[in-house]
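First up is the structure itself, then whatever we jot down about it.
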Amino acid sequence: MQAEIRTGTQTRGEGISFGACRAIALLMVAYALFHGWADIFFIGEIVDLPTTACNSHQVFILFRTLGFFACFALSYRLTTIANRRGSHLACAALLTMGTALMLTSAFAPEAAAFLQFGGAGVGGLGIGLASMLWFESITLLKPPAALACYLLSALITLSLITPLYAAGFEALAAGGFAAAVLTPLVIWLGTRFVAARRIDPWALTNARLITRAITLLSLFGFALAFREPMIGNQMFASGSYTAVGSLAMALIILVGVAIWGPRFRISFVFRILLPLTAVAFLLLPAQFPLMGIISDTCGSACDELVKILCIVILTHQCWRNGASALRLFGLAYTVHGALVFLGGQACLVLMAQGVSEADLSAWFNIIAALAIAATIFILPNDQDLAPISLYEEEADSPAEPDDEDAARAVALRFGLTARESEILELMLKGKGIDDIAAELVIARETVKTHRRNLFLKCEIHSEEELRGLARRET
């Protein structure tokens, strides 16, 4: 079963087209809108609502994760939701209902706990759906444009959310309803300006690299969620969308991409990530306020770097292999959300049992030690990341082996047929299934069959591994 995210008429030309620029601008606004909505009611808890026994923050995290899981579970049946009007309407309805329930709790204190639980649950599902719509939309862009969209969105979110901390109840209420309605509309408009992308729910992907990225993302999520209830200043907390460390890292990576362009490599992230990991986890339990602020900033920076890594890897897999964004991002954020919920819940349980801050720090030291040890083994190595380039067309240098020679070498070693060798050569030139079918004048399904047989003979699972194999053979 295959599907297309049907959008505008822009083509996949070289560079970033004007249509892609308009899509990026709209998706930036959409990102700021639904993250601002979450910050008003649950993440930053900006709006002043009655205090109840219901921990709306944790309920929100739980139901947001359930929203991710629902998208992942339905990914093989739906394939895509970005081209379904019902998805956008459902998102608007859920966010509007969540807004109404949360605001109503301010006028009905006797039922505030019930209303806030319902608002957090419905709102969490709405944000989960909005996030999946947004992630699926950025996979319509080329990898460098998708990364730029995410980084710029993180930066613009600061300018739109920060003023909310000084806003009154009425302004926050109006902003909540406006964000609920506009978020799915702006996402839908953003997808109108980029080309359709064909999706194959059974597309082969680099499972090892994806697993490592998701594990790393979830590990950081658990550790920082465990620490978050002990952080008083939301401007430094990793869960806040205005966290200083997150914004600093987004700016650094954006500047790096802008300056180095095609020479920028994902491995650069890890030259920053490992030192920050050690600083964040080793200084977090420090008793001095300044050290606490520095370590919290480093913690949110690490969290942001891991998210950037996942965005790059998953969008690359979707763009190159035609994989379903609903499946990949749904899986990644389901696992991440579950561990974030468990991390926060574990800390709250220990605090409720009267565990002192010193003992909590001791617990965190254990988690930190395990996280540092695990990170060393989980981090993707240079061989894993070598096939991933933000500028794939520009990244191929004259020093690379000739595609024809590389295809001939692989074919001789693994006993490929003449047709498989032809398809292999075209794949090494970066051509997709449709282009190969048109050039060889054969059916698209025939190309897929030869491609599958080729992967089986070479014992590989993705085009990235195929390129690496070709380089090694030549």
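Would you be able to tell me the number of residues in the range 73-128 that are assigned to a helix (DSSP H, G or I), under 18 Å from V181 (Cα atoms) and among the hydrophobic types (A, V, I, L, M, F, W, C)?
Total meeting the criteria: 16.
Could you check, for the range 415-422, whether at least one of its residues is buried (at least 16 other Cβ atoms within 10 Å of the Cβ) and among the polar types (S, T, N, Q)?
The answer is yes; a qualifying residue exists.
Are there any pairs, at least 6 apart or on different chains, whose C-beta atoms fall under 6 Å, with the first in the range 151-173 and more than 17 Å from S300 (Cα to Cα) and outside the structural domain of M28 (by TED's automatic domain parsing) and the second at pLDDT below 85 and part of a helix (DSSP H, G or I), and if so, which?
none
Can you name the number of the only condition in (1) in a helix (DSSP H, G or I); (2) more than 14 Å from W37 (Cα to Cα); (3) not β-branched (V, I, T) that S131 fails?
(2)
Among the residues that make up the range 117-133, is at least one of them over 14 Å from F41 (Cα atoms) and either touching a strand residue (DSSP E or B) at 6+ places or on another chain (Cβ under 7 Å) or without any contact (Cβ under 8 Å) to a residue 40 or more places away in the chain (or both)?
Looking for residues that are over 14 Å from F41 (Cα atoms) and either touching a strand residue (DSSP E or B) at 6+ places or on another chain (Cβ under 7 Å) or without any contact (Cβ under 8 Å) to a residue 40 or more places away in the chain (or both), one finds none in the range 117-133, hence no.
For the range 190-202, give me each residue that is part of a loop (DSSP other than H, G, I, E, B) and more than 19 Å from the chain's Cα centre (by Cα).
If the condition is that a residue be part of a loop (DSSP other than H, G, I, E, B) and more than 19 Å from the chain's Cα centre (by Cα), then V194, A195, A196, D200, W202 are the ones that fit.
What helices (runs of 4 or more DSSP H), lying completely within the range 312-391, carry at least 1 residues that are of a type in the set (A, V, I, L, M), modelled with pLDDT of 75 or more and surrounded by fewer than 20 Cβ atoms within 10 Å (Cβ to Cβ)?
325-352
Is it true that T297 is out of contact with any Lys or Arg (no Cβ under 9 Å at 6 or more places or on another chain), at pLDDT below 70, assigned to a helix (DSSP H, G or I) and hydroxyl-bearing (S, T, Y)?
Answer is no for this residue.
Is one or more of the residues making up the range 141-158 modelled with pLDDT under 90, assigned to a loop (DSSP other than H, G, I, E, B) and under 22 Å from R22 (Cβ atoms)?
So far as the range 141-158 goes, yes, one or more of its residues are modelled with pLDDT under 90, assigned to a loop (DSSP other than H, G, I, E, B) and under 22 Å from R22 (Cβ atoms).
Taking the condition hydroxyl-bearing (S, T, Y) and within 17 Å of L33 (Cβ to Cβ), does T99 pass?
When the stated conditions are applied, T99 passes them.
If we keep just the residues of the range 220-234 that are of a type in the set (A, V, I, L, M) and crowded, with 20+ Cβ neighbours inside 10 Å, which is modelled with the lowest pLDDT?
Across the range 220-234, the extreme among qualifying residues is I231.
The values are calculated or read from the model by the stated rules, or taken from the named source; none is laboratory data. Owing to the predicted nature of the structure, the values given are computational and were not obtained by experimental measurement. Cβ sites come from the backbone with ideal geometry, for glycine too, and all protein chains shown count toward neighbours.
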